[in-house]
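This report concerns only the one structure given below.
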Ligand SMILES: CC(C)(COP(=O)(O)OP(=O)(O)OC[C@H]1O[C@@H](n2cnc3c(N)ncnc32)[C@H](O)[C@@H]1OP(=O)(O)O)[C@@H](O)C(=O)NCCC(=O)NCCS
C-alpha cells in the first residue's frame, strides 16, 4: 500500500463544525498544548513502543489482544510533557447499514489525564488526518470515520444526535444499545 509521503496541508486540529443543531453542551475545542503524533500506516517504532507500554501500564487491553498487533492500528498518540496519555486506533470496516467503508475508531485516555480533552483532540485530528489519507489512497474507498460509543461517561453527550466538532452523527445502535456514529468525508461519493 502506498505510504503518504507529505503531511496534509491545513490545520489538523480545526473542528469540522460544518453543520449542526444546537448542542446539549458547550463546544469542545482541541487542546493545542497536547502533542498529537500521527501513526496511521506509518510504522513508527517509537510511537508503537510507547503505546504498548501504555496498554501494559494501564492494563486496559482485553487479554486476548496482542498489544504489538494493536499497535499496528494506531491512528495517533497524544502526549503531554513527553508522556503518552491517550491513544487512538482504528480498523477499516464496512458499515452495512450505509454500505460504505469507515475507519472504526477506538480511543482511551489514561485515567490520570481524563477530562483534559485528550480524546476529543485525537478524534478531531483523526477526522482531518484520515480524510487527507483517504484522498491520497482512493483505492481504499474510505468514506469516513466511525465509532461505537460504549463509554457510560459519555451518556449525556449521546443525547445529541450530531457531534459537530467531529461530524459524528448517529446512524443506529448495536444490539447492546451502544450508539453507532459515522462522520462522512467531504470528498466521498458512492460509485
Ligand atoms: C471515554 C474516554 C475516552 C474520554 O476520554 P477523555 O480524554 O477524558 O475525554 P475528553 O476530555 O475529550 O472529554 C470530552 C467530553 O466528553 C464528556 N465526558 C468525558 N468524560 C466524562 C465523564 N467522566 N463524565 C461526564 N462527561 C464526560 C464531557 O462532555 C467532555 O467535555 P468537558 O470536559 O469539556 O465537559 C475515557 O474516559 C476513557 O478512556 N474511557 C475508557 C475507554 C473507553 O470507554 N473508550 C471509549 C469507548 S466509546
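Every read-out reported here was derived from the displayed coordinates using simple, explicitly stated rules and does not represent laboratory data. Small disclaimer: the values here were computed from a predicted structure and weren't measured. We place every Cβ from the backbone using ideal geometry, glycine too, and count neighbours over all the protein chains shown.
Take the Cα of residue 42, step 7 Å toward its Cβ, do the same at residue 187, and the gap between the two points is 1.9 nm. Among 62-75, 112-125, 133-146, sorting by the average number of other beta carbon atoms lying within 10 angstrom of each residue, highest first, gives 112-125, 133-146, 62-75.
Any idea how far the Cα center of region 49-122 sits from the one of region 136-174, in Å? Cα centroid to Cα centroid, the span is 15 Å.
Annotation for residue 150 and residue 9: the two label points, set 7 Å from Cα along the Cα-Cβ direction, are 3.9 nm apart. Shown is the FRET efficiency for residue 69 and residue 25, computed with R0 = 41 Å from the Cβ-Cβ distance and rounded to the nearest 0.05: 0.70.
Between residue 176 and residue 32, residue separation times 0.36 nm minus the direct Cα-Cα distance comes to 48.3 nm. Ordering of 105-111, 82-88 by packing is 82-88, 105-111, highest average first (other Cβ atoms within 10 Å, averaged per residue). Counted residue by residue at 0.36 nm each, then reduced by the alpha carbon distance between them, the extension gain from residue 58 to residue 159 reaches 33.4 nm.
For the chain, the equivalent ellipsoid built from the Cα gyration tensor has semi-axes of 23, 21, 18 Å, listed from largest to smallest. Divide by every residue of the chain the summed helix terms, -39500 (n - 2.57) for each DSSP H run of at least 4, and state the resulting mean residue ellipticity at 222 nm, rounded to the nearest 500 deg cm²/dmol. That calculation yields -6500 deg cm²/dmol at 222 nm. Look at 102, 173 and count the other Cβ atoms within 10 Å of each Cβ; fewest to most, that gives 173, 102. Potential lengthening of the chain between residue 115 and residue 99 amounts to 2.3 nm, from the contour at 0.36 nm per residue minus the alpha-carbon distance.
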